[in-house]
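This report concerns only the one structure given below.
The values are calculated or read from the model by the stated rules, or taken from the named source; none is laboratory data. These numbers come from a predicted model, not from an experiment. Every residue, glycine as well, gets a Cβ built from its backbone with ideal geometry; the counts of neighbours run over all protein chains shown.
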Ligand code: AMP
Ligand code: MG
């Protein structure tokens, strides 16, 4: 049986957090909010518990989890080689930034890191997530709380759609603030490499790392060969219907005609152009677009239409990350 417990996002009630921490201590899996998306977590030092996350999500074993910490002393427990990046980490943590570092294998099992010599680490800024890690006293390994391949969960309705009856406790703190997964930067290589764009924008990372490498697969999502980031070879964030991403808006009219049974996901500024539409947000507030992205994808699949058509966006700031997700979700891209 799954219990859904409401908690205040800013001042969460101790008793609910204690209950969640006790379940984690016992090797159970718990869903909790972060400032990016909902996470499905287990005690990062309990291999069996971490294995359950893969089972519940249907996640391939070669797609590693992010280890969530609440302090630099926990970073010391799980990773090596972070000392020279301390200023950088202190600038962005707690926050929506994940770093890849050489792993300390004493406590983090191969299940968590999919056998890699590196570990992904993040200190979340959400009070519920931070306090939960504090109460457990150990890091929490957690990927996004969605069935593998589906759009990430940004509200408890999404979590319930995917996991009702499959986890014992869901902490409900309402919509997640950013609505998009963390930025991932690999600091274990010679030069820092962006593996996934997110709420900490490339522009900001470059202030710290002028030599930041932004690989083609981050921009174009067309990748053949050996995946640089584990999990990359799988389709992600995908709704249950074909999604056509129209990057060249001059071709929109043709696409609408070619696929007449459609719903269009568009911005407020262009909504008058479409009859069946879901407004994702306004270009005046690009963060609103990120916040609503996954909810819009989940809503679109419920409409009684055969195709989901999405307007492409200009890749600046947070919208660079939005376009990265849309390209991975798309079954067809029109350029
Ligand atoms: P999720 O939390 O569902 O967004 O998934 C976490 C993502 O973090 C995975 O898909 C990986 O691409 C990435 N990740 C986790 N561990 C590593 C690692 N050691 N090296 C590179 N990427 C990683
Ligand atoms: Mg995910």
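Of all residue pairs spaced 6 or more apart or on separate chains, those with beta-carbon atoms under 7 Å, a first member in region 52-74 that is on the phi > 0 side of the Ramachandran plot and a second member that is near ligand 1 (Cβ under 10 Å from one of its atoms) and not in a helix (DSSP H, G or I) are 58/148.
The selection criterion, being more than 16 Å from ligand 2 (Cβ to nearest atom), touching a strand residue (DSSP E or B) at 6+ places or on another chain (Cβ under 6 Å) and within 24 Å of residue 190 (Cβ to Cβ), does not hold for residue 49. Across region 228-249, which residue is farthest from ligand 1 (Cβ to nearest atom) among those that are surrounded by 14 or more Cβ atoms within 10 Å (Cβ to Cβ) and at pLDDT below 80? Within region 228-249, the match that is farthest from ligand 1 (Cβ to nearest atom) is 233.
Remark: pairs (first residue in region 175-186, closer than 14 Å to residue 145 by Cα; second residue within 14 Å of ligand 2 (Cβ to nearest atom) and part of a strand (DSSP E or B); Cβ separation under 7 Å; 6+ apart in sequence or on different chains) = 181/144; 181/196; 182/98; 182/122. Would you check if residue 65 is closer than 24 Å to residue 32 by Cβ, within 10 Å of ligand 1 (Cβ to nearest atom), touching a strand residue (DSSP E or B) at 6+ places or on another chain (Cβ under 9 Å) and at pLDDT 95 or above? Yes. Among residues that are more than 11 Å from ligand 1 (Cβ to nearest atom), assigned to a helix (DSSP H, G or I) and touching a strand residue (DSSP E or B) at 6+ places or on another chain (Cβ under 7 Å), residue 132 is included. Output the residues belonging to region 13-44 that are in contact (Cβ under 8 Å) with a residue 24 or more places away in the chain and in a helix (DSSP H, G or I). 16, 17, 18, 19, 20, 21, 23, 24, 25 - these are the residues of region 13-44 that are in contact (Cβ under 8 Å) with a residue 24 or more places away in the chain and in a helix (DSSP H, G or I).
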